[in-house]
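Enquirer: Dropping the structure in here first, questions after.
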Amino acid sequence: MDFKEILNEIAEETKELEGKGKVANYIPALAQVSGNQFGMALLAADGELFEWGDSQTNFSMQSISKVLTLTIAFREIGSEVWERVGREPSGNPFNSLIQLEKERGIPRNPFINAGALVISDILCSRFPNPKEVLLDFVQKRAQNTNIQYDKIVAQSEKEHGYLNSALVNYMKSFGNITNNPEEVLDLYFNQCSLSMNCVDLVKTFSFITHRGFDSNNKERILSRSRSKRLNALMLTCGMYDESGDFAFRVGMPGKSGVGGGIAATIPGKLTMAVWSPELNSFGNSLRGIKAMELFTTKTGMSIF
């Protein structure tokens, strides 16, 4: 299959969406990003890489990083994770407080903000320097030691992270946060600030495509069983409260971030990343979702 030509077609057919979404503005550092950028990268299971456009321009991972912190926590404590965070779609915005009161401080899933804060708390308990552990994990998967936290984005998030602060303190009141809330928030804001590009992203996520095995470093990250569960969570919860529609339109497990990136996988076949900073009303990349929908339509490839 000619993936290079397919990416060219997708870029042309999605160009009309340029200017129709909005760059995230509730984090001032993200509001400065030019919205007309667009990149794609595809890494086939055999290692062949395909790129288009701004595929090597760095952007803020934001919530895409939640897959990586969950992976580390899942590897460290296994099914104990699910004693503190659920596995169901939320049906509410990613930063909602509503369900926490009813469900007594147990977040609905690890990919909404509250759930990711619990995962950050787990990492703070397991490691003396969890930021270093996460950065090392990402650099090794991507085979790129230049990947770093964006200090400007992290500081911007910290200065405007009132709702996340409310979430972590509210869960603390229920006993579902064990560390100092400021320590948990520091890790969370930094993980969201990870600066990577589409090529870094497909390399980092390729262990999920290989069912938990990092073929570049010859290292098993997750068992096949845990990798299956990670893919399932990405499919049902990875796109905020647009996850069902993404599964319907695209048919790949994926995870988005308000920086405009989306990473998705077809286990055993390929990893794909797209980046377009202009978002739809759900906080997902408008052009990015359409690009992935066109990809599975044109290739006939999906998990279904």
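A short reminder: the numbers here are calculations on the coordinates, not readings from a lab. Quick caveat: nothing in here was measured; it's all calculated off a predicted structure. Cβ sites come from the backbone with ideal geometry, for glycine too, and all protein chains shown count toward neighbours.
Enquirer: In segment 178-240, which trypsin sites (Lys or Arg not before Pro) are in a loop and have at most 13 other Cβ atoms within 10 Å, using DSSP for the loop call? Please report the intermediate quantities before stating the final value.
Expert: Details: sites: LYS203, ARG211, LYS218, ARG220, ARG224, ARG226, LYS228, ARG229; in loops: ARG211, LYS218.
Listed in order of number, the matching sites are LYS218.
Enquirer: For a label point 7 Å from the Cα of GLN32 along Cα→C-beta, name the residues of segment 52-89 whose backbone N is under 17 Å from it.
Expert: The answer is 58-62, whose backbone nitrogens lie closer than 17 Å to the label point.
Enquirer: Okay, next question. Pairs to check: LYS4/LYS255; LYS66/LYS228; LYS140/LYS298. Give those whose C-alpha atoms are more than 21 Å from each other in this structure.
Expert: LYS4/LYS255; LYS140/LYS298
Enquirer: Express in whole angstrom the spacing between the alpha-carbon centres of segment 228-304 and segment 130-153.
Expert: If we compute the Cα centre of each part, the gap is 23 Å.
Enquirer: Thinking of segment 50-122 as a set of Cα atoms, what percent of all their pairs are more than 18 Å apart?
Expert: Working: 1134 of 2628 pairs.
Result: 43 percent of Cα pairs exceed 18 Å.
Enquirer: Here's something else I'd like to know. Tell me, what are the semi-axes, in whole angstrom and largest first, of the equivalent ellipsoid of the chain as set by the roots of 5 times the Cα gyration tensor eigenvalues? Please list the in-between numbers first.
Expert: Numbers: eigenvalues 159, 88, 66 Å².
So the equivalent ellipsoid measures 28, 21, 18 Å along its semi-axes.
Enquirer: Over the Cα atoms of segment 222-304, what Rg and Dmax result, in angstrom?
Expert: Here Rg and the maximum Cα pair distance are 12.0, 36 Å.
Enquirer: Straight distance only, please: which aspartates and glutamates reach the Cα of LYS15 with their own Cα at less than 13 Å, same-chain residues fewer than 8 apart left out?
Expert: The reachable aspartates and glutamates, counting only those whose Cα sits under 13 Å from LYS15, are GLU278.
Enquirer: A follow-up question, please. Using the Cα atoms of segment 1-105, I'd like the radius of gyration and the largest Cα-Cα distance, Dmax, both in angstrom.
Expert: 18.8, 51
Enquirer: While we're on this one: What ³J(HN,Hα) values, in whole Hz, does the Karplus curve 6.51 cos²θ - 1.76 cosθ + 1.60 give for segment 258-265 when θ = phi - 60°, with x put for Gly and Pro?
Expert: 6, x, x, x, 9, 10, 9, 9
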